[in-house]
1. Ignoring any ligand, DNA or RNA, what whole percent of the accessible area of the chain comes from carbon and sulfur when the probe is 1.4 angstrom?
2. Projected area of segment 1-68, taken from the Cα convex hull and averaged over every viewing direction, in nm²?
3. Just to confirm a number: summing +1 for Lys and Arg and -1 for Asp and Glu over residues other than Arg124 whose beta-carbon lies under 15 angstrom from that of Arg124, what do you get?
4. Tell me, rounded to the nearest percent, the portion of alpha carbon pairs in the chain spaced more than 32 Å apart.
5. Taking θ as phi - 60°, what are the ³J(HN,Hα) couplings along segment 231-243 by the Karplus curve (6.51, -1.76, 1.60), each to the nearest whole Hz, with x for Gly and Pro?
6. Measuring with a 1.4 Å probe in the full set of protein chains, what accessible area per residue, in whole Å², belongs to segment 180-293?
7. According to the Kirkwood expression over distinct Cα-Cα pairs, how big is the hydrodynamic radius of segment 96-165, in Å?
8. If each of Asp103 and Ser175 carries a label point 7 Å out from its Cα toward its Cβ, how far apart are those two points in nm?
Amino acid sequence: MRDELEQALMAAGDLLAGRQIMDLSPVGGGSVGTSWRVMLSDGEALFVKLARPDQLIAEQSGLAALRHWADPKLIEVPQVLACLRLGSRSALVMAWWPSGRGDQFQLGRGLARLHRRSAQSNPRRFGWAQDGFIGLGPQPGGWCESWGEAFTQLRLRPQLELARDWGLVETDWESLLSPVMDWLNRHAPQPCLVHGDLWAGNAAVLEDGRGLLIDPASWWADREVDLAMTQLFGGFTRRFWEGYQQEWPLDDGAEQRIEVLNLYHVLNHANLFGGGYQQQSRNILKELRRDWL
């Protein structure tokens, strides 16, 4: 694969601009694909991600949308420099951004400003234009007029139907979708562009203190889906929350909506990985039935 990737990079038109590849090394990747660091003769480094073409097309559209609305003074979203075909897979080429786990204040501010800027564009619907992915799981496209309908029909229902494969049955959840939809509609949020898969592995702090967002599963949604996911697996600090709240404070009741919003990700993990996520899904649904039915 190393030789095939090197040849594709060298053949990619003006991508290298006469520079030579000095080193090509694999780096830690996520669940979607493998990743490589390319060191060039002028000292610049590139980041290359290999995955199925449909996965990278979805990721590329999300990166482009986030980059459009992000304030580069606060947050960086990598620009896609090239998308190359390598047999049955594709390679997404971006700049390499050295990052770490520094002060997350600007990351929080930058996310809030991205959310607010996109919401101020006055989008009228919730959803996304094409099918995508949440990790390795499917994330259907489509549009809905109301937030409750979008979340229950475009996000919860597809994952709940997949859960039949490990024993979840319709009687466990079908009667919940209507009250969940009505409850979310009473909140009546503005549609805004969200990252969509905001766990700590998809966000970082750059050396200059700005935030970094990668590997999105973007769609137009309630901004609370991003904030809820930051609490699902940990890794986000008090400073992140201080930065977000300074820029755009959350609405009343946000804490009460976290478990329902994160049910989407718990179900996706249950469908992909099984294990304790399946029981966690059952427990959340049981609590919702007890409280609402």
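The values are calculated or read from the model by the stated rules, or taken from the named source; none is laboratory data. What you see is a predicted model; the values in this text were computed from it and never measured. Ideal geometry is used to build each Cβ from the backbone, glycine not excepted, and the neighbour counts take in all protein chains shown. With ligands, DNA and RNA removed, areas are computed over all heavy atoms of the protein, side chains included. Shrake-Rupley method; radii C 1.70, N 1.55, O 1.52, S 1.80 Å.
1. Numbers: 6420 of 13130 Å².
Using a 1.4 Å probe with all protein chains present, the chain comes out at 49 percent carbon and sulfur.
2. 5.4
3. My count for the surroundings of Arg124 gives -2.
4. Numbers: 12057 of 42778 pairs.
Every Cα pair in the chain considered, those over 32 Å come to 28 percent.
5. Rounded to whole hertz, the list is 9, 6, 10, x, x, 10, 8, 4, 5, 4, 5, 4, x.
6. Working: 4880 Å² over 114 residues.
About 43 Å² of surface per residue is accessible.
7. 14.8
8. 5.3
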